[in-house]
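Following: one structure in structure tokens, then a few remarks.
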Amino acid sequence: DSRTAIERAVRQIELNDTALARSYLQRPLIDPRITVTERSRAYYLQGYSLQLAGYSVSAAQNYAKALGFNPDNPATLAALGDLYARGLGVAKDSQQARDLLRRSAELGHAPGMTRLGALLLDELANSPNPEEDLAEARAALTGATNADDAEAFLFLAQSYRASHSSSPDPE
């Protein structure tokens, strides 16, 4: 059963056996009986397992396929946005990264919110609108902290440090 195979792949990714995870995903990727949402998830998982194994180009290709089946897959939007932000497997493109991460954040995906906030903070020094970007970063990071994303707490605190704010607030 393809649905069971997808769940087994998730378990193997959790165990860091990415090769076995990808073997479990072979059937779901071509099974005509699964939904487009399930196929999108399978492509995302394959991309994620490839990214974990260090194959960023292949990961980006699988993320693109996942979005072809479900353009509102928030985890895939965040993962592909992160690749664009870092220039892994794709040409570095901050605007493309922002667009993908914004879509993920708008869909309520906490890791997407965190990545968007971190990207905006990282680019504040070169931003034409630093106050707007800082406000957007803080809003995204606050949303992620409300979802208990631990990494978001660190970035949100960082946004109040002197390097990111004209009026630092140590508390």
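Residue by residue through the stretch 105-117, note down the ones that are outside any helix (DSSP H, G or I) and either of a type in the set (Phe, Trp, Tyr) or more than 19 Å from GLY68 (Cβ to Cβ) (or both). Explain how you work it out, then say what you get.
Of the stretch 105-117, the ones outside any helix (DSSP H, G or I) are 107-109.
Result: GLY108, single match.
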>> Looking at the structure I just gave you, is ARG102 under 20 Å from THR145 (Cβ atoms), of a type in the set (D, E, K, R), open to solvent by 30 Å² or more (accessible area, probe 1.4 Å) and not in a loop (DSSP other than H, G, I, E, B)?
In response: yes
> So is GLU151 open to solvent by 80 Å² or more (accessible area, probe 1.4 Å) and either in contact with a helix residue (DSSP H, G or I) (Cβ under 8 Å, 6 or more places away or on another chain) or modelled with pLDDT of 95 or more (or both) or not?
Replying inline: yes
> Just wondering, is there one or more residues in the stretch 78-92 that are within 13 Å of the chain's Cα centre (by Cα), at pLDDT 95 or above, part of a loop (DSSP other than H, G, I, E, B) and not aliphatic (A, V, I, L, M)?
Replying inline: no
> How do the pairs read when you match residues in the stretch 71-91 that are over 16 Å from LEU45 (Cβ atoms) and without any contact (Cβ under 8 Å) to a residue 60 or more places away in the chain with residues anywhere that are acidic (Asp, Glu) and assigned to a helix (DSSP H, G or I), using Cβ under 9 Å and keeping only pairs 6 or more apart or on different chains?
Replying inline: GLY81/ASP99; TYR84/ASP99; ALA85/ASP122; LEU88/ASP82
>> Being open to solvent by 20 Å² or more (accessible area, probe 1.4 Å) and farther than 21 Å from GLN158 by Cβ is the filter here; which residues of the stretch 78-99 pass it?
In response: TYR84, GLY87, LEU88, GLY89, VAL90, ALA91, LYS92, ASP93, GLN95, GLN96, ASP99
> Of the residues that sit in the stretch 26-56 and are part of a helix (DSSP H, G or I) and over 17 Å from ASN70 (Cα atoms), which one is least open to solvent (accessible area, probe 1.4 Å)?
Replying inline: SER49
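Has the stretch 123-134 got at least one residue that is touching a residue at least 24 places away in the same chain (Cβ under 8 Å) and open to solvent by 30 Å² or more (accessible area, probe 1.4 Å)?
Looking for residues that are touching a residue at least 24 places away in the same chain (Cβ under 8 Å) and open to solvent by 30 Å² or more (accessible area, probe 1.4 Å), one finds at least one in the stretch 123-134, hence yes.
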> Is there a residue in the stretch 38-58 that is within 24 Å of THR145 (Cα to Cα), modelled with pLDDT of 95 or more and within 14 Å of the chain's Cα centre (by Cα)?
Replying inline: yes
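The values are calculated or read from the model by the stated rules, or taken from the named source; none is laboratory data. A quick note: this is a predicted structure, and the numbers were derived from the prediction, not measured. Note: ideal-geometry Cβ built from the backbone for every residue, glycine included; neighbour counts use all protein chains shown. The protein model used for the area step is the full one, side chains on, heavy atoms only, and it has no ligands, DNA or RNA in it. Shrake-Rupley method; radii C 1.70, N 1.55, O 1.52, S 1.80 Å.
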